[in-house]
1. How high is the relative contact order of the chain, in percent, with contacts defined as C-alpha pairs under 8 Å that are six or more residues apart?
2. Modelled label-to-label distance, T341 and N355, 7 Å Cα→beta-carbon offset: nm?
3. May I ask you to derive the relative contact order of the stretch 35-122, considering only C-alpha pairs under 8 Å and at least 6 residues apart, and to give it as an integer percent?
4. For an R0 of 22 angstrom, estimate the FRET efficiency from the Cβ-Cβ distance between Q92 and K368 and round to the nearest 0.05.
5. I'd like the carbon and sulfur percentage of the solvent accessible area for the chain, probe radius 1.4 Å, heavy atoms only, ligands and nucleic acids excluded.
6. I want to check the label-to-label distance for E39 and L383. Put each point 7 Å from Cα in the C-beta direction and report it in nm to one decimal.
7. Whole number in Å², please: accessible area per residue of the chain, 1.4 Å probe, ligands, DNA and RNA not counted.
8. Quick one: which of 126-132, 314-320, 218-224 comes out on top by average Cβ neighbours within 10 Å, and what's the full order, highest first?
Amino acid sequence: MRHFLILLFLFSAYAQSQQTAQNLFSQYQSALYQIRIIELESGNKSSIGSGFQIDPQGNMITNYHVVSEYVYDPDKYRIEYLTIDGESGPLQLINFDVVNDLALVRKTELNALEDIFPIATSLPNQGTTIYSLGNPHDLGMIVVPGTFNGIKKNSFYQRIHFTGSINPGMSGGPVVNENGHVMGVNVATAGNQIGFLIPLSKIEQLLTKHADEPLPISEFKSTIQQQLMQNQTELLSKLQNATWQMAPLGQANVPTKIGEFLSCWGDSNTNNEEALFLSVENRCRLDEQIFLQGGLRSGGIELEFEWLNGQKLGENRFYSLYNSSVIGAGAGNAATKTDVTNYQCENSKVTNKNNVSSKTVLCVRAYKEFAELYDVLFIGATLDHKEQGLISHFTLAGVAKDSALSFTKQFMDAIEWQ
C-alpha cells in the first residue's frame with residue numbers, strides 16, 4: 001500500500017508538471033524569441049540563442065555571450081529576433097553585464113499588443129519544480145521541467161543549480177516558476193541533467209542600471225573593461241582578506257584553502273613503485289570564468305604547489321627534473337595573439353618573510369582590447385635544498401597590475417618550512 005501511494009504521488013506530480021508546461025507553452029510562446037546574430041556580408045546567421053520580452057516597450061533579456069559577436073564587431077554583425085510564427089526584425093543592444101552573462105536588447109518595431117514575461121519577486125523554495133524555456137536549433141519553443149536546487153555552493157558568480165536539460169540554443173531563455181514568473185536565465189550546462197542559471201538578483205541589477213537610451217557603440221569595450229576590473233578587484237580583495245588555511249606539503253607548509261570560492265585537489269605518485277622521485281601536488285582553482293568572445297575567457301584563478309623529492313636521482317638529474325617542471329607551467333586561460341600580447345617576464349631571486357629563498361619568474365601579458373587588464377603567470381622554485389624543493393605557480397586572468405603585485409607578495413609570503 002505504501003509503495004502504491006508513493007507511485008500515485010509521483011504520477012500526480014508528473015501530471016501536474018506536464019499540465020504546467022502546457023499552460024506555459026500556450027500562454028508565453030509569443031513572448032519568447034530566438035535571438036540571431038546576422039553576418040552582414042553573407043546575410044546569414046552566425047550564431048543563435050534565446051531571449052524573452054519583459055515589458056511593452058520591447059525590452060528583452062538574453063545572455064551576453066549570445067550577442068558577444070556584435071559587441072566585439074558591430075560593423076560586421078547585427079542582432080535580430082525571430083518569433084515562433086517566423087516573423088523577424090531588428091534589435092538594439094541597450095546594455096549588458098559581461099560578468100554575469102546578461103544583455104538587454106530592444107525591439108525597434110512594436111505591435112499594438114506585446115506579450116511579456118513577468119519578473120518574479122523572489123526565488124522558490126529548494127526542491128520546487130521550475131521550467132526552462134528556449135528556442136533552440138530552429139525547433140521552435142520548448143519547455144523543460146527541472147528542479148530548483150538553490151544557489152550553487154562556493155560560487156563567486158552566483159549561479160542557480162538546476163536539475164534539467166539546458167540544450168544548445170536555449171542560452172538566454174527564461175526559467176520560470178509555476179506561475180510563469182521569471183526567476184532565472186539559462187546560461188550553461190555541465191551535462192547529466194546539471195544546468196546553471198543566472199539568478200533573479202542579477203536580472204534585477206541589470207534592469208536597475210540600464211538607461212532608456214542604448215549604450216553607445218563607442219563605449220562597448222570600455223564598459224567591458226570597467227566591469228571586469230571591478231569584478232576582479234572585488235574577487236582578489238575577498239581572497240586576500242580571507243583566512244588562508246595552511247597544510248604540510250613535503251617539508252613545506254603551503255596554503256591549501258584560500259577563501260570559499262576556490263576548489264582544491266591533491267595528488268601524488270606514491271603508488272608508482274618504479275618512480276625515481278616523489279611528486280606531491282596541491283591544486284586550487286576558481287571553477288568559473290567570464291566569457292568575453294570566441295574562445296577567450298577571463299576572470300580565472302589557478303594556484304598550484306608541487307613538492308619534488310629526487311634523492312634517488314642525485315643532484316644533477318634532480319636539477320634537470322626541477323628545471324623542466326618549472327618550464328612546463330603555462331597560462332590558465334586560452335587566448336590567441338589577436339586577444340593578448342606576448343608574455344613579458346621578469347626573473348628574480350627573493351627571500352620571503354619566513355626566510356624561504358626562491359627563484360621566481362613573473363610574467364604578464366596585456367589584453368589588446370582592454371589597456372588596463374593583464375593575464376599574470378607566476379612561477380617560484382625554492383633554492384634551500386639540493387635534491388628536493390617546492391614549485392609554486394599561479395595564474396590570474398584579467399587583473400590590474402597593482403592587484404597582481406599585491407597578490408604575488410601575499411602568495412610568496414604564505415610559504416614556510418616546517
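The values are calculated or read from the model by the stated rules, or taken from the named source; none is laboratory data. What you are looking at is a predicted structure, and each value in this text was computed from that prediction instead of being measured. Neighbour counts run over all protein chains shown; Cβ positions are idealised from the backbone, glycine included. Quick note on the areas: whole protein, heavy atoms, side chains included, nothing else; ligands and nucleic acids left out. Shrake-Rupley method; radii C 1.70, N 1.55, O 1.52, S 1.80 Å.
1. Details: 946 pairs, mean separation 48.2, N = 418.
Computed value for the chain: 12 percent relative contact order.
2. 4.0
3. Relative contact order comes out at 31 percent.
4. Details: r = 27 Å, r/R0 = 1.23.
After rounding, the FRET efficiency stands at 0.25.
5. Values: 9670 of 20090 Å².
That fraction is 48 percent.
6. Here the answer is 5.3 nm between the modelled labels.
7. Working: 20090 Å² over 418 residues.
Accessible surface, normalised per residue, equals 48 Å².
8. Numbers: 126-132: 17.7, 314-320: 13.1, 218-224: 15.6.
Peptide ranking by packing, descending: 126-132, 218-224, 314-320.
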